[in-house]
1. Just a yes or no: is a residue in the range 226-233 basic (Lys, Arg), more than 27 Å from Ser121 (Cα to Cα) and either modelled with pLDDT of 95 or more or in contact with a helix residue (DSSP H, G or I) (Cβ under 9 Å, 6 or more places away or on another chain) (or both)?
2. Can you tell me which residues in the range 126-143 are within 16 Å of Thr48 (Cβ to Cβ) and either out of contact with any helix residue (DSSP H, G or I) (no Cβ under 6 Å at 6 or more places or on another chain) or basic (Lys, Arg) (or both)?
3. Does the range 149-184 hold any residues that are closer than 22 Å to Ile250 by Cα and in contact with a helix residue (DSSP H, G or I) (Cβ under 6 Å, 6 or more places away or on another chain), and which are they?
4. In this structure, does Arg172 turn out to be of a type in the set (Lys, Arg), assigned to a helix (DSSP H, G or I) and either surrounded by 15 or more Cβ atoms within 10 Å (Cβ to Cβ) or touching a Pro at 6+ places or on another chain (Cβ under 8 Å) (or both)?
5. Could you please let me know if Val44 is more than 19 Å from the chain's Cα centre (by Cα), surrounded by fewer than 22 Cβ atoms within 10 Å (Cβ to Cβ) and β-branched (Val, Ile, Thr)?
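The values are calculated or read from the model by the stated rules, or taken from the named source; none is laboratory data. None of the values given here were measured: they were computed from a predicted structure. All Cβ positions, glycine included, derive from the backbone under ideal geometry; neighbour counts span all protein chains shown.
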Amino acid sequence: MPPAIPNHGPAPPVILSIAGFDPSGGAGVAADLKTFAAHNCYGVAAITALTIQNTQGVAAIHSVEPALLRACLDSLAGNGQVRAVKIGMLANRGNARAAGDFLEAHPELPSVLDPVIRSSSGAALIDETGFAYLRDHLLRQVAVVTPNLSEAAALTGLRVENLEEMKAAARRLLELGARAAVVTGGHLDKAVDVYAVAGGLEAFAGEHLKPDNLHGTGCTFSSAVAANLALGRQLRDAVMLAKAYVVESIRWAYPVGPGRIPLNHFYRMQETPRPADPVTPPEASA
């Protein structure tokens, strides 16, 4: 049982993000930590790469040495408080292997894999050997994998451009060894996600909100799934709640530069509170 916060009950669960750093704050570890905090969880992070980017795109990527990543993961694991793991950008095979070894050492932790291949501006975020390790090993180790259309196509070798093709890709991911998969279709005319487990397949429809030039939706969705798992929710519920959170984060998004628009992870802090119901004063007694 987690320790109690004085006068506030149990401490929030700790969630580990293994991902790259986006200095513009829209994706990667920055988005993960904001998403964790928005779900009343405490985020910690092991950085896989430093990027040079702003809202207009990625200028350069500098990978962290795998030995440094392993040391960071070992240090965080030594605290003994991590309750879930989210894996995003890995950059190379060495870092992918470090993440896989961490999961192997801690099989009790629910884990979510966002199989990041390219940034929203088109920059490659993992090399070919790293992607091969992700597909052949990490895919089998995590509780759920959450690819978008292009990532699902790369993982399965199938064309994935509509709902039926999303369903075929989700089934193929299970055949490849995934325990569960969510193929996200936020770029379709109707925002539909396909959820697949061994027991069946479901399509979750949602709103398609403009604008389309959003940054960090995949990171945010996978992190929200991890947060809900850390809070003790079942996977299907975690997926549905994460989808709802992303929709509202998009609805409340605003530009912070001339390029792509980051999600508003803390929209709940900016919502106008519902007015209190009027109180009818009690009648005076005779």
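1. Looking through the range 226-233, at least one residue is basic (Lys, Arg), more than 27 Å from Ser121 (Cα to Cα) and either modelled with pLDDT of 95 or more or in contact with a helix residue (DSSP H, G or I) (Cβ under 9 Å, 6 or more places away or on another chain) (or both).
2. Correct list: Ile126, Asp127, Phe131, Val142.
3. Those that are closer than 22 Å to Ile250 by Cα and in contact with a helix residue (DSSP H, G or I) (Cβ under 6 Å, 6 or more places away or on another chain): Val182, Val183.
4. The answer is yes for Arg172.
5. Answer is no for this residue.
Okay, residues lined up against (1) on the phi > 0 side of the Ramachandran plot; (2) of a type in the set (S, T, N, Q); (3) touching a Phe, Trp or Tyr at 6+ places or on another chain (Cβ under 9 Å):
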residue: Val192; (1), (2), (3): no, no, yes
residue: Phe204; (1), (2), (3): no, no, yes
residue: Thr217; (1), (2), (3): no, yes, no
residue: Gly232; (1), (2), (3): yes, no, no
